[in-house]
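Q: Mind having a look at this structure? Questions to follow.
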Amino acid sequence: MMELKVQSAREQESINWHLASHGVPKSLHCLCLKLAEEYAVNAMARSHLPPPEYVSRLTDPSFHHVVLLTDNVLAASVVISSTVQHSANPEKLVFHIVTDKKTYIPMNAWFAINPIKSAAVEVKGLHQYDWSHEVNVHVKEMLEIHRLIWSHYNDNLRNANFQHEGVNRRSLEALTPSCLSLLNHLRIYIPELFPDLNKIVFLDEDVVVQHDMSSLWELDLNKKVVGAVVDSWCGDNCCPGKKYKDYLNFSYPIISSNFDHDRCVWLYGVNVFDLEAWRRVKITTNYHKWLKHNLNFGMELWQPGVHPPALLAFEGQVHPIDPSWHVGGLGYRPPQAHSIKMLGDAAVLHFSGPAKPWLDIGFPELRSLWNRHVNFSDKFIRKCRILG
């Protein structure tokens, strides 16, 4: 009976962890509301971004273009603040923030009343894009297929009886709301979002930059589409992320005959994209082909999420970059004593996983690495009681 109680407690812990990981903290919700109020009464908060003198930089290939797709104002501020702080040439940086309609006003207000010195910041809502009918149709089709995959997986989970704690937690993780997030899935449409750009660095919202990143824009990708960390920083026979078998269903020949189940996946979060090469080899078209394959196979080819179909679409188009550029998984586990130096050496820390640093379940020993880039003296931060 005691063993059953322990097992039940562990399962409940997994469910509570899952729920806590995708809630929106009251403080972050408050921040958006306060910024929206400021937008309504303060002309400066309504200023168009970037200022007129920086507009020409938005499509200038001589500048370093950074893309963020996010609806988290505080997280976006940390990404940009940390990047600028450690940049050798902050005046060359151009940040492109793409957000949804509901977050556009608070996002614009934040960066309008907290301007970034030297660097240019563009804030654009999805409602401000004038895409062709064809692109709109494809985006809707993509979202619908991802919704079907998520629903199918959810139904299977409800009917299953998991006895293994690890399997249960992984299954719950695949059902997070981010699996259905429009902003998350739109990363496959970056060339359409930025038709005038040819090379960009993509950063996830849950990263902190610790070193100058200028050399990423000079990186030769050897005609590949994406530069990403693949090799291990965690020792021999260890993947910095997961393996293909953790995402894909190798019981189907269309997967097993084309991919190695024991291969390490490349990591999202800190990526260099050659958009010219992306358009040339038609990555987005290939992505949609795999989505249709999954429909034809009863939505059984992969788990819900952004990463699995990207692994398939970018196959053969990944250029490995040095592992020190990107240390991820900091939202899954606290660091071990021997890895503290590794965290200090990393160019970018990625809090991938459920324990985001802005959540109560974030690891205290890691939260300080993120908090140091939050301006706790800001009046909106104080009003909303966002504490370090």
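The values are calculated or read from the model by the stated rules, or taken from the named source; none is laboratory data. These figures come from a predicted structure and were not determined experimentally. Note that we place each Cβ from the backbone using ideal geometry, even for glycine, and neighbour counts take in every protein chain shown. SASA here: full protein model, heavy atoms, side chains in, ligands and nucleic acids out. Shrake-Rupley method; radii C 1.70, N 1.55, O 1.52, S 1.80 Å.
Q: Pairs Lys101/Lys140; Lys199/Lys245; Lys92/Lys117: which are spaced more than 20 Å apart, C-alpha to C-alpha? Let's see the in-between values first.
A: On the way: Lys101/Lys140 17 Å; Lys199/Lys245 31 Å; Lys92/Lys117 11 Å.
Table pairs above 20 Å Cα-Cα are Lys199/Lys245.
Q: So for the chain, averaging the separation of alpha carbon pairs under 8 Å that are six or more residues apart and normalising by length, what relative contact order in percent results? Numbers along the way, then the final one.
A: Details: 597 pairs, mean separation 78.0, N = 388.
20 percent.
Q: Further question on the same structure: Could you tell me what percent of the accessible area of the chain is made up of carbon and sulfur, with a 1.4 Å probe and every protein chain present? Don't skip to the end; give the middle numbers.
A: Working: 9650 of 18390 Å².
About 52 percent, which is the carbon plus sulfur part of the accessible surface.
Q: Where only protein heavy atoms count, and the probe is 1.4 Å, what is the accessible area per residue for the chain in Å²?
A: On the way: 18390 Å² over 388 residues.
Accessible area per residue: 47 Å².
Q: To the nearest Å, what is the center-to-center distance of region 75-127 and region 261-332, using C-alpha atoms only?
A: Comparing the Cα centres of region 75-127 and region 261-332, I get a distance of 26 Å.
Q: Using R₀ = 51 Å, calculate the FRET efficiency as 1/(1 + (r/R₀)^6) where r is the Cβ-Cβ separation of Ser257 and Phe376; round to 0.05.
A: Details: r = 54 Å, r/R0 = 1.06.
My answer for the efficiency is 0.40.
Q: OK, next. Scan (i) 20.8, 64; (ii) 20.9, 71; (iii) 22.9, 71 for the value of Rg and Dmax of the Cα atoms in Å calculated from this model and give just the label.
A: The value computed from this structure is option (ii).
Q: Could you tell me whether region 66-135 comes out rounded, prolate or oblate from its Cα gyration tensor? Rule is a ≥ b ≥ c as square roots of the eigenvalues, rounded for a/c under 1.5, then prolate if a/b exceeds b/c, otherwise oblate. Could you put the intermediate results ahead of the total?
A: Numbers: a/c = 2.38, a/b = 1.66, b/c = 1.43.
It is prolate, given that a/c is not under 1.5 and a/b is the larger ratio.
Q: Please say if region 1-83 is rounded, prolate or oblate, where rounded means a/c under 1.5 for a ≥ b ≥ c the square roots of the C-alpha gyration tensor eigenvalues, and otherwise the choice is prolate for a/b larger than b/c and oblate otherwise? Let's see the in-between values first.
A: Values: a/c = 5.81, a/b = 2.20, b/c = 2.65.
Oblate, since a/c reaches 1.5 and b/c is not below a/b.
Q: Using every pair of alpha-carbon atoms in region 288-388, split the distances into 5 Å bins beginning at 0 and state the percent of pairs per bin, rounded to integers.
A: 2, 10, 15, 15, 13, 13, 13, 9, 7, 3, 0
Q: Would you mind telling me the antiparallel percentage of the DSSP bridges in the chain, rounded to 5?
A: Values: 12 of 31 bridges.
Among the beta bridges of the chain, antiparallel pairing accounts for roughly 40 percent.
Q: Just tell me which aspartates and glutamates come within less than 12 Å, Cα to Cα, of Lys102; anything on the same chain fewer than 8 places away is out.
A: In chain and number order, the partners are Asp71.
Q: So how strong a dipole does region 216-323 carry about its Cα centre when Lys and Arg Cβ are +1 and Asp and Glu Cβ are -1, to the nearest 20 debye? Don't jump to the answer; show the numbers that get you there.
A: Working: 11 positive and 12 negative charges, 104 e Å.
Taking the Cα centre of region 216-323 as origin, the dipole is about 500 debye.
Q: A follow-up question, please. Which Cα, out of Val123, Ala112, Phe63, lies furthest along the positive dipole direction of region 51-142 (beta carbon charges, K/R +1, D/E -1)?
A: The one lying farthest along the dipole's positive direction is Ala112.
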